[in-house]
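The next block holds one structure in the form of structure tokens; read it before the comments.
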Amino acid sequence: MQGYGQTFLLVVLICSSYAAYVHLVCRPERGRLLHRVATLCGVIAFLGLSATVAILATALITRDFTLDYVARYSSRLLPWHYSLSALWVGQAGSLLLWAWISSALILLFRFVSPQRGRLNDTAFGVQLACLCFLTAIMIFAADPLKPSLAAPREGLGLSPLLQHPSMLIHPPVIFCAYAMWTIPFSLAVAALLEGQFEGTWTQLARPWALFAWTILLAGLLLGAHWAYQELGWGGYWGWDPVENGSLLPWLTGTAFLHCLMAWRYRNCLKKTALGLAILTFGLCNFATFLTRSGIFSSVHAFSESPIGWMFLGLMVVLLLGGTTLLFRHRLALQPEKATTTLWARETMVLGATLLLLVLTLIVLIGTLVGPVSNWLTGHTVLIAAPFYNNVLIPTGLLLLGSTALVPLLRWGQPPTSVQRRCLWGSAGVGVMGVLGAWLLGAQHWISLLVAGCAGVATATLLASLVLDGRRQHPDRLWQGMISALRTGRRHYAGYLAHMGFVALVIGITGSALGTRRQEVTMKEGESLSWAGRVIHYVHLDQFEQPDKLVVEAVLEISHPGQTSAVLRPGRHFHLLQNEWTTEVDTHSTWLGDFYTVLNAGLGNGEIALTLVDNPLMRWIWFGGFLMGLGALLALWPTRVQQVRIQSSGTTTSRESIAVLSRHKELQQQVGSR
Amino acid sequence: MNVKGKMVVGATVLAGVIAYLAYLGASSSWQYYLLVDECVAQADRFAGKRLRVSGRVMAGSLNVANNRRQAAFVLEGTERKLPVSCRGTLPDNLAEGMEVVVEGALKTDGHLQGEKVITRCASKYAAEGVARGGKEGHATPSTR
């Protein structure tokens, strides 16, 4: 079967390069047939990659060790779902998955996109060129279907650390996000190549960017959750170079989404938006370079290979090309209206963009300081968490502050007198938030400031909803508020994402400042009190599973006023890898996580445990969920878009016209707010 | 001053403050990454400094406490050896003959007081034998 797979890959390379050439070079009016054939080639490329993925997936499930990839990453002892997950564990498999997802998205873009024209054709060509690059790497440097020199009876299996539910979905989610960022990037390059910078560009790029941002956020959170549950040190983020690599495009992607809004409502920050679209995709390639170049040893890194340098080369080309194109079109991309006040939304967007770019730069410096110092001085110098935290704290607080103010600001104009009064009222709520947090026991100035900002953010959101509700139905506030939520759904979805960010910051602050750890040894039947809980060690449980031996300590945790929970932290001995892993167990509430690690059995029923009290951890996952939910709600098409899709540019019904005109009115109202 | 001027001044002040904070963070947390041979050869230069030292756990030297909270071993390079004592959570797969990175401080008596051990094993990410890449089994909260 591998012979078929390699042929499929060759077909994909030929089809995608032909289709890219036609869409980038040939004008459709001169060769419609050429363009139709090229689009068909895009479909063939997708089918070819689907067939290749199917061949590799079947080989992994059936444990066909005649394939080198299967022999390296699978074994007969692995459950089938972990064996299948090996598809994205290895280097060649993950590239195949990335290419396959890209090809599916490219087709989706081609056939779902509401508009056709030169911009879309060029963007399609750029996307196919990216697909061509990925396929070429697979053919010439990382063949996923390479045959084994001598098929072994048993494969090497999957690293025990990767046998975790989060790891089943974390890598494909990250690759899906990287693939999805190709679309806004291709649209930005197409706009710059064609010189088309109309407002419709933002409508084309926005849904893809929002979706890519949400998927990347989900990938980051899944990775953090895996680290928290699987690596057993009680934390979730370690500023590892490779996790930094995934964070970088998310930071610039966040800035890009906000610049898109400024472009749409105020016709400004166009250069920044286009530059950020290119930079974000470039940073996706940079993250791939980090994992594959071998310049870092990390929990994520693949072995040293030339592939990483190819991705770095692509990133350099993208940055140089993007900068040149932006410079060429600098005059056409000038803002149409100058900013007249500091207290307007576009000013906040500009400030947030700068802060996010500063964070990106700092994370980039921290990530690259090791190899760069080695190159310059011959000694490798590394910098640790305090470097990141020193910058993250002030920038994070400023971002939180601007997030809190935004609902009561307007595009292009200072707040009205009513909005100003509401802002002062919200500041009062913020002071109450500080006092409340202090009374609840928070003492650190960062905790108090975060509590204050959270108070302001909540108050400004509610005030904005009340003002909008009154505007819509002066006599019936509730009806007005519901109506405001309906008509301004995109805005309120954005505020929901902002509230998610607030919850995320609350979680990060609580867990970073309030974490307590305790190393204890306990005898069977013994109890102890720690961090407001009573921990009772019941007994040590030992049993066998097909691929491992399991040792678990059974602990009963009781908390005053709460039902008790049973935790089973354990250690697993993986027979194939001859390796122990630690399996933590956690009792999670809104107040915090109680995290238990079994370090060792000491004999005679005695065990060594690490106990960690992580306050407000659940708020991190909840905040991430709210951010994603907000983005997805903002993605849902508005009524007017649905009408456009239904009417498909043909005869528009009276009802559609009425909806369109009503929508235009509402947009004008929202825009003037 | 117009709005643009105010924004430029604000951004400049902010950039300055953040650069200073980054400098403070870097100067308080930077550490050298060395091989055992480099570390032992320049022990005087690196004594008292925070280091990450990479080497192999010498066969027959590993001694782990029952509760897996302390360990002592000898880290060997190509020519030289470095005694190490460690306190804290140890990685699950710490074993003799394994490539590890120890983070800690070099004492004046020439031994490395480790706070964190990072193992580098032949991970499934890097099945071709890892000279530099590979997964790390992280040991303490500051990294993963």
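Points worth noting:
- Residues being part of a helix (DSSP H, G or I) and over 25 Å from A:G433 (Cβ atoms) - total across segment A:485-507: 4
- Flag: A:R27 matches the condition of being touching a helix residue (DSSP H, G or I) at 6+ places or on another chain (Cβ under 9 Å) and more than 30 Å from A:L149 (Cβ to Cβ).
- Scanning segment A:117-133 for residues that are within 14 Å of A:A38 (Cβ to Cβ) and open to solvent by 30 Å² or more (accessible area, probe 1.4 Å) turns up just one, A:A129.
Conditions tested, residue by residue: (1) part of a strand (DSSP E or B); (2) touching a Cys at 6+ places or on another chain (Cβ under 7 Å); (3) closer than 21 Å to A:V505 by Cα; (4) open to solvent by 20 Å² or more (accessible area, probe 1.4 Å).
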site	(1), (2), (3), (4)
A:A565	yes, no, no, no
A:L576	no, no, no, yes
A:T582	yes, no, no, no
A:W590	no, no, yes, yes
A:A600	yes, no, no, no
A:L611	yes, no, no, no
A:F625	no, no, yes, yes
A:L629	no, no, yes, yes
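- Checklist (1) without any contact (Cβ under 8 Å) to a residue 40 or more places away in the chain; (2) touching a Leu at 6+ places or on another chain (Cβ under 9 Å) applied to B:G55, failing item: (1)
- The set of residues in segment A:134-157 being β-branched (V, I, T) and surrounded by fewer than 17 Cβ atoms within 10 Å (Cβ to Cβ) consists of A:I139 alone.
- Unmet requirement for B:V40, which otherwise passes all of (1) part of a helix (DSSP H, G or I); (2) under 30 Å from A:K337 (Cα atoms); (3) of a type in the set (A, V, I, L, M): (2)
- Scanning segment A:541-558 for residues that are open to solvent by 50 Å² or more (accessible area, probe 1.4 Å) and not in a loop (DSSP other than H, G, I, E, B) yields A:Q542, A:F543, A:E544, A:Q545, A:L549, A:E556.
- Qualifying residue in segment A:346-364 (condition: in contact with a strand residue (DSSP E or B) (Cβ under 8 Å, 6 or more places away or on another chain), within 7 Å of another protein chain (Cβ to nearest Cβ), modelled with pLDDT under 95 and surrounded by 16 or more Cβ atoms within 10 Å (Cβ to Cβ)): no
- Selection count, segment A:64-94, where residues are away from chain B (no Cβ under 14 Å) and aliphatic (A, V, I, L, M): 1
- Among the residues making up segment B:48-64, a single one is within 14 Å of chain A (Cβ to nearest Cβ) and either over 29 Å from B:S29 (Cα atoms) or of a type in the set (S, T, N, Q) (or both): B:S54.
- Tabulated pairs, segment B:69-97, first on the phi > 0 side of the Ramachandran plot, second β-branched (V, I, T), C-beta under 7 angstrom, 6+ apart or interchain: B:G88/B:T140; B:G97/B:V57
- Candidate set from segment A:190-218 (those that are touching a residue at least 12 places away in the same chain (Cβ under 8 Å) and among the charged types (D, E, K, R)); member that is surrounded by the most Cβ atoms within 10 Å (Cβ to Cβ): A:R206
- Meets criteria (outside any helix (DSSP H, G or I), small (G, A, S) and out of contact with any Lys or Arg (no Cβ under 6 Å at 6 or more places or on another chain)) for B:G25: no
- Segment A:576-610 - residue that is in contact with a Phe, Trp or Tyr (Cβ under 6 Å, 6 or more places away or on another chain) and over 29 Å from A:W250 (Cβ atoms) and, of those, nearest to the other protein chains (Cβ to nearest Cβ): A:W580
- Yes/no for A:I174 being buried (at least 21 other Cβ atoms within 10 Å of the Cβ), under 30 Å from A:H574 (Cα atoms), at pLDDT 90 or above and not assigned by TED's automatic domain parsing to the domain that holds A:A86: yes
- Residues that are among the acidic types (D, E) and under 14 Å from A:L13 (Cα atoms) do not occur anywhere in segment A:107-130.
Yes or no, residue by residue, for (1) part of a helix (DSSP H, G or I); (2) of a type outside the set (F, W, Y); (3) more than 12 Å from chain B (Cβ to nearest Cβ); (4) surrounded by fewer than 16 Cβ atoms within 10 Å (Cβ to Cβ):
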site: A:G370; (1), (2), (3), (4): yes, yes, no, no
site: A:L392; (1), (2), (3), (4): yes, yes, no, no
site: A:L400; (1), (2), (3), (4): yes, yes, yes, no
site: A:P407; (1), (2), (3), (4): yes, yes, yes, no
site: A:P414; (1), (2), (3), (4): no, yes, no, yes
site: A:R421; (1), (2), (3), (4): yes, yes, yes, yes
site: A:S426; (1), (2), (3), (4): yes, yes, yes, no
site: A:G433; (1), (2), (3), (4): yes, yes, yes, no
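- Close pairs (6 angstrom Cβ cut-off, 6 or more residues apart or separate chains): over 20 Å from A:H258 (Cβ atoms) and without any contact (Cβ under 8 Å) to a residue 12 or more places away in the chain in segment A:357-369, of a type in the set (F, W, Y) and surrounded by fewer than 22 Cβ atoms within 10 Å (Cβ to Cβ) anywhere: none
- Filter pass, A:L24 being at pLDDT 85 or above and open to solvent by 50 Å² or more (accessible area, probe 1.4 Å): yes
- Going through (1) more than 8 Å from every other protein chain (Cβ to nearest Cβ); (2) within 23 Å of the chain's Cα centre (by Cα); (3) open to solvent by 40 Å² or more (accessible area, probe 1.4 Å) one by one, B:V9 falls short only on (2).
- Any hit, segment A:311-325, residues being under 21 Å from the mean Cα position of the chain (by Cα) and outside the structural domain of A:G253 (by TED's automatic domain parsing): no
The values are calculated or read from the model by the stated rules, or taken from the named source; none is laboratory data. If you're wondering where the values come from, they're calculated on a predicted model, not measured in any experiment. Virtual Cβ from ideal backbone geometry, glycine too; neighbours counted across all protein chains shown. SASA here: full protein model, heavy atoms, side chains in, ligands and nucleic acids out. Shrake-Rupley method; radii C 1.70, N 1.55, O 1.52, S 1.80 Å.
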